[in-house]
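Notes follow the structure.
The values are calculated or read from the model by the stated rules, or taken from the named source; none is laboratory data. Worth saying up front: this structure is predicted, and the values here are computed from it rather than measured. Neighbour counts run over all protein chains shown; Cβ positions are idealised from the backbone, glycine included.
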Amino acid sequence: MTYRSESFDPDRHDVEHFRCGEASLDDWLREQASPAAVRRTARTWVWTDTRGAVVGFYALSAHKVSREQVPSRIGRGGPVEIPAVLIGRLALAESLRGQGLGPVLLADALSRVLEATRTVAARLVVVEALHEQAAVFYERLGFTRLPGTLRLVQKLADVEAALQP
């Protein structure tokens with residue numbers, strides 16, 4: 001099946017029945033995605049299937065990370081406050097679990113981040129993992145965990161190299 005990535009529009013995208021298995025993510029999509037867009041604190045992108053049903057989503061925000069918080073190989077040469085893009089939420093419908101689509105959804109988000117950074121500069125992409133299992137998912141895909149946290153980072157130069165065809 002093919003999935004389409006679209007900017008979330010509450011008038012077009014019915015998210016009432018979206019379930020990813022994490023109530024906090026389901027609730028955020030239903031209750032906060034639209035207000036976050038109005039407040040300009042996050043932009044949400046949804047994956048829809050051929051019927052138009054929402055089967056995944058992610059939210060992107062401008063962010064910054066203190067250089068002293070990241071390993072030197074990541075922060076070296078950067079300013080004291082490193083500009084970044086935050087993938088604040090990323091979720092796939094329960095019905096799609098186990099099909100290898102999590103990394104594909106993340107790649108879609110990272111492609112969107114790279115597209116945005118052609119207009120507004122950023123050096124890092126940051127994720128806030130919901131729990132240990134999610135942190136391991138991101139680590140397997142090249143993110144580096146900040147010590148003692150569920151926050152992970154990756155240099156956008158590395159993301160760009162990884163996504164090159």
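Looking at the stretch 95-113, which of the residues that are surrounded by fewer than 16 Cβ atoms within 10 Å (Cβ to Cβ) and not polar (S, T, N, Q) is nearest to A23 (Cα to Cα)?
Let us first name the residues in the stretch 95-113 that are surrounded by fewer than 16 Cβ atoms within 10 Å (Cβ to Cβ), namely 95, 97-100, 103-104, 107, 111.
Then keep just the ones that are not polar (S, T, N, Q); that gives 97-98, 100, 103-104, 107.
On the way: R97: 16, G98: 19, G100: 22, P103: 21, V104: 22, A107: 23 Å.
So the residue we want is R97.
With the structure loaded, tell me whether E160 is at pLDDT below 95 and acidic (D, E) or whether it fails that test. Spell out the reasoning first.
On the way: at pLDDT below 95: yes; acidic (D, E): yes.
Taking the combined requirement at face value, the residue satisfies it.
Which count do you get for residues in the stretch 58-94 that are among the aliphatic types (A, V, I, L, M), more than 20 Å from L114 (Cα to Cα) and surrounded by fewer than 17 Cβ atoms within 10 Å (Cβ to Cβ)?
The first filter runs over the stretch 58-94 and keeps only residues among the aliphatic types (A, V, I, L, M), leaving 59-60, 62, 65, 70, 74, 80, 82, 84-87, 90-93.
After this cut, where a residue has to be more than 20 Å from L114 (Cα to Cα) as well, the list is 70, 80, 92-93.
Still in the list and also surrounded by fewer than 17 Cβ atoms within 10 Å (Cβ to Cβ): 80.
The number of residues fulfilling the criteria is 1.
In the stretch 1-39, what residues are part of a loop (DSSP other than H, G, I, E, B), under 16 Å from the mean Cα position of the chain (by Cα) and either farther than 26 Å from E115 by Cβ or free of Cβ contacts under 8 Å to residues at least 12 places away in the same chain (or both)? Spell out the reasoning first.
The first filter runs over the stretch 1-39 and keeps only residues part of a loop (DSSP other than H, G, I, E, B), leaving 1-3, 8-22, 32.
When the remaining residues are screened for being under 16 Å from the mean Cα position of the chain (by Cα), the result is 8, 20, 22, 32.
Passing the criteria: E22, Q32.
When the residues of the stretch 114-127 are narrowed to those that are of a type in the set (V, I, T) and under 16 Å from the mean Cα position of the chain (by Cα), which ends up surrounded by the fewest Cβ atoms within 10 Å (Cβ to Cβ)? Break it down into steps so the answer makes sense when it comes.
Kept after step one, since they are of a type in the set (V, I, T), are these residues of the stretch 114-127: 117, 119-120, 125-127.
Filter once more, keeping what is under 16 Å from the mean Cα position of the chain (by Cα): 117, 125-127.
Working: T117: 18, V125: 24, V126: 22, V127: 25.
Out of the qualifying residues, it is T117.
Among (1) assigned to a loop (DSSP other than H, G, I, E, B); (2) within 25 Å of H17 (Cβ to Cβ), which single condition is L60 missing?
(1)
Using the structure shown, decide if V153 is surrounded by 14 or more Cβ atoms within 10 Å (Cβ to Cβ), under 14 Å from the mean Cα position of the chain (by Cα), of a type outside the set (D, E) and within 27 Å of T48 (Cβ to Cβ). Reasoning before the result, please.
Details: surrounded by 14 or more Cβ atoms within 10 Å (Cβ to Cβ): yes; under 14 Å from the mean Cα position of the chain (by Cα): yes; of a type outside the set (D, E): yes; within 27 Å of T48 (Cβ to Cβ): no.
The answer is no for V153.
In the stretch 128-140, is there at least one residue being touching a residue at least 40 places away in the same chain (Cβ under 8 Å), buried (at least 18 other Cβ atoms within 10 Å of the Cβ) and touching a Leu at 6+ places or on another chain (Cβ under 7 Å)? If you could, list the steps in order and put the result at the bottom.
Residues of the stretch 128-140 that are touching a residue at least 40 places away in the same chain (Cβ under 8 Å), as a first pass: 128, 130.
With the extra rule that they be buried (at least 18 other Cβ atoms within 10 Å of the Cβ), the set shrinks to none.
Within the stretch 128-140 (the criterion being touching a residue at least 40 places away in the same chain (Cβ under 8 Å), buried (at least 18 other Cβ atoms within 10 Å of the Cβ) and touching a Leu at 6+ places or on another chain (Cβ under 7 Å)), the answer is no, since none of the residues qualifies.
I want to confirm something. Restricting to the stretch 1-39 and keeping residues that are β-branched (V, I, T) and closer than 16 Å to A53 by Cβ, which single residue is surrounded by the fewest Cβ atoms within 10 Å (Cβ to Cβ)?
Taking the stretch 1-39 as the starting set, the residues that turn out to be β-branched (V, I, T) are 2, 15, 38.
Checking the rest, the ones that are also closer than 16 Å to A53 by Cβ come to 2, 15.
Values: T2: 6, V15: 18.
By that ranking, first place goes to T2.
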